[in-house]
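K.L.:
This is the structure, below, for whatever I ask next.
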Amino acid sequence: MSPLPSPHVVDRVRDIPVYRESVARGDFPILEKTEIARGFPDNWMTPGLAAALESGEAEYVLSTGTNHARMQLIRPPYFLLRSYYRLWSEHPDLRATWEAGAKRISLTTVLATEHVARVNAKKPGATPGERWLDDRTLYLNNTLDPADWDRAEVRRMLAEIRAISDAHPTGTYHLDCSGYHLAHLVQKVEAWGLWDEFPQPGSIVHAYEYTPLNVRALLHRHFDCPVVDLFGSTELGYLYSSDPQTGRYRPHLEDMSVELIPVAPGSGIHCLIVTSLRNPFMPLVRYRSGDCVRTSDGSADPGRITAFCGREKELLDAPGGPVAQADLDARVHEASDRVFLAQLRLSAPDDGADGATLRYSTFDGTRLDTAHTEHLEEAVGELTGRPCTLEHRTDLPIGRSGKYVWLARPS
């Protein structure tokens, strides 16, 4: 029988149709995304929720769908933004910029920018294409693939950053980003000698997807401010943030609890199961987020989480146990700090070999030398149980979501 949530949680969800059988049985199985969607919204509807939808206290939204099929949700307006602002205001390494009234500049996927434009288009007197989410947050990116940013587009973004910086009494601002997007911007600024046009931020958060170790190191080298990794999701809000000094993760679990369940015996990888009352209109009990973590001792103790290592659906079966995105990234980082993008492509069964190709790009655009190539091929082969060949690319294509795919399986 599954663990029973606290009486407080049970009391909060007992009238929600999706949970009625669980409350009656005294047994709450893991809540999957398919169960959330089955019969939506009737499976969540209560008189209180219907009234909140009618009054505007609650609204329908779609998850971004960048890591899984898009999922319809009901939540308070600006639920995720308020979660972000609370963490920003309380995080010991970030709250100085919050308290200084710094603006937040977000450099992430074009889907996020388009979402903001759609939200703003519904407002009275809206300006088409408006990228300010509220009076404090501006979204910069208008391009699917940041590799396609030309000089004019980069200078447009830098000019918007500078205008925000210049408007603050001390010139500070808070930079929120996908690590990949900021790394692309850094490389283009470096190549075109535009550092004089790029004011230094007062604090940086990278979120939205797994940020490789080499990208993290690049950001730490170029920015003299706190650089914090942030973990959360559309449906949950923000749950953990990193300590820039130690690399450990701090929990931000107000109205939440977390369980870890091993994905396979002895693998050390656990899937994240979350119970959350933070969204009053869709409380989630034992919800499988789809994210994987590792702990300092391999145990299922949520207090020992040391890494968020990728998505459960993207795990690769290997002779030594499941392989996550972070496992491959660790081998890449150990072999060379010059690698920027990396994608493991599995051979199709009809190729006659159960092998793989690691496509990669580097920060300086040049291929790895023979010694580093052979070392990385051997390391990836040992990790995956597949003979591996490296293939240098000047760039790797980005996914339709505006995020990179680390594992490409044969179609």
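K.L.:
Give the percent of DSSP beta bridges with both residues in the chain that are antiparallel, rounded to the nearest 5.
P.N.:
65
K.L.:
For segment 296-411, restrict the atom set to alpha-carbon positions and state the Rg and Dmax in Å.
P.N.:
Values for segment 296-411 (Cα only, Rg and Dmax): 14.7, 45 Å.
K.L.:
If you split all Cα-Cα distances of segment 136-275 into 5 Å bins from zero, what percentages do you get per bin, shortest first?
P.N.:
2, 8, 16, 19, 19, 14, 10, 6, 5, 2, 0, 0
K.L.:
Working from the alpha-carbon coordinates of segment 336-383, get Rg over Rh, Rh being the Kirkwood radius.
P.N.:
1.02
K.L.:
Right, something else. Modelling each spin label as a point 7 Å along the Cα-to-Cβ direction, I'd like the A348/A318 distance in nm, to one decimal.
P.N.:
2.5
K.L.:
Residues of segment 79-110 with amide nitrogen under 11 Å from the 7 Å Cα-to-Cβ point of A126?
P.N.:
Taking a point 7 Å out along Cα→Cβ of A126, no residue of segment 79-110 has its backbone N under 11 Å.
K.L.:
Could you pull out which residues in segment 158-183 have an amide N less than 17 Å from a spot 7 Å beyond the Cα of W192, following the Cα-Cβ vector?
P.N.:
The answer is 158-163, 181-183, whose backbone nitrogens lie closer than 17 Å to the label point.
K.L.:
Would you mind telling me which residue in L182, L107, L194 has the biggest mean-square fluctuation in a Gaussian network model of the chain, where springs connect alpha carbons within a distance under 10 angstrom?
P.N.:
L194
K.L.:
Next question. For C309, what residues show an amide H to amide H distance below 5 Å, using hydrogens built from the backbone and excluding near sequence neighbours?
P.N.:
It is C292, V293, R294, by chain and number.
K.L.:
Here's a follow-up. Can you tell which of P302, P280, P47 shows the greatest fluctuation in a Gaussian network model of the chain with Cα springs below 10 Å?
P.N.:
Result: P47 has the largest fluctuation of those listed.
K.L.:
Using only protein heavy atoms and a 1.4 Å probe, report how much of W195 is accessible, in Å² to the nearest 10.
P.N.:
70
K.L.:
Once you put a point 7 Å from the Cα of D243 and another 7 Å from the Cα of S411, both along the Cβ direction, what distance in nm separates them?
P.N.:
According to this spin-label approximation, the distance is 4.7 nm.
K.L.:
If you don't mind, there's one more thing I want to ask. Count charges around R248 for me, please; just the other residues with Cβ under 13 Å from its Cβ, Lys/Arg as +1, Asp/Glu as -1.
P.N.:
That works out to 0.
K.L.:
Another one. Looking at V332, H220, A264, which one has the Cα that reaches farthest to the positive end of the dipole of segment 194-350 (charges on Cβ: Lys, Arg +1; Asp, Glu -1)?
P.N.:
Result: A264, furthest along the dipole toward the positive end.
K.L.:
Once ligands and nucleic acids are excluded and a 1.4 Å probe is used, how much of K33 is accessible, expressed in Å² to the nearest 10?
P.N.:
The accessible area comes out at roughly 40 Å².
K.L.:
Follow-up. Of L239, L175, L383, which has the largest mean-square fluctuation in a 10 Å C-alpha GNM of the chain?
P.N.:
It is L383.
K.L.:
Quickly estimate the mean residue ellipticity at 222 nm for the chain, helices only: each DSSP H run with n ≥ 4 gives -39500 (n - 2.57), and the total goes over all residues, rounded to 500.
P.N.:
Helices in the chain give a 222 nm mean residue ellipticity of -9000 deg cm²/dmol.
K.L.:
Counting other C-beta atoms within 10 Å, and keeping those with at most 13, which DSSP coil chymotrypsin sites (Phe, Trp or Tyr not before Pro) do you find in segment 243-311?
P.N.:
When the chymotrypsin sites (Phe, Trp or Tyr not before Pro) of segment 243-311 are filtered for loop state and at most 13 Cβ neighbours within 10 Å, nothing remains.
K.L.:
Starting from the eigenvalues of the Cα gyration tensor, five times each then square-rooted, give me the equivalent ellipsoid semi-axes of segment 203-290, largest first, whole Å.
P.N.:
Computed over segment 203-290, the values are 27, 17, 10 Å.
K.L.:
Can you give me the convex hull volume of the Cα atoms of segment 161-211, divided per residue and expressed in Å³?
P.N.:
It comes to 69 Å³ per residue, whole-number rounded.
K.L.:
For a quick check of your reading of the filter: which trypsin sites (Lys or Arg not before Pro) in segment 315-411 sit in a DSSP loop and have no more than 11 other Cβ atoms within 10 Å?
P.N.:
Passing sites in segment 315-411 are R400.
K.L.:
By how many nm would the segment from D15 to R38 grow when fully extended, if each residue of separation counts as 0.36 nm and the alpha-carbon distance is taken off?
P.N.:
6.6 nm
K.L.:
Specify whether the C-alpha gyration tensor of segment 212-343 places it in the rounded, prolate or oblate class, a ≥ b ≥ c being the square roots of the eigenvalues: rounded for a/c under 1.5, otherwise prolate if a/b is larger than b/c and oblate if not.
P.N.:
In terms of gyration-tensor shape, oblate.
K.L.:
Once ligands and nucleic acids are excluded and a 1.4 Å probe is used, how much of M256 is accessible, expressed in Å² to the nearest 10?
P.N.:
30
K.L.:
Using the Cα centre of segment 1-113 as the reference point, and only Cβ charges (+1 on K/R, -1 on D/E), how large is the resulting charge dipole? Debye, rounded to the nearest 20.
P.N.:
Using Cβ point charges on Lys, Arg, Asp and Glu, segment 1-113 gives about 280 debye.
K.L.:
Same structure again: Leaving out ligands and nucleic acids, and using a 1.4 Å probe, what accessible area per residue does segment 285-339 come to in Å²?
P.N.:
Normalised by residue count, the accessible surface of segment 285-339 is 40 Å².
K.L.:
Further question on the same structure: Tell me the carbon and sulfur percent of the accessible area for the chain, rounded to whole percent, probe radius 1.4 Å.
P.N.:
So the carbon and sulfur contribution to the accessible surface is 51 percent.
The values are calculated or read from the model by the stated rules, or taken from the named source; none is laboratory data. Quantities reported herein were computed from a predicted structural model and do not represent experimental measurements. Quick reminder, even Gly has a Cβ in these numbers, built from the backbone with ideal geometry, and neighbours come from all protein chains shown. Heavy atoms of the whole protein, side chains included, go into the accessibility calculation; ligands, DNA and RNA do not. Shrake-Rupley method; radii C 1.70, N 1.55, O 1.52, S 1.80 Å.
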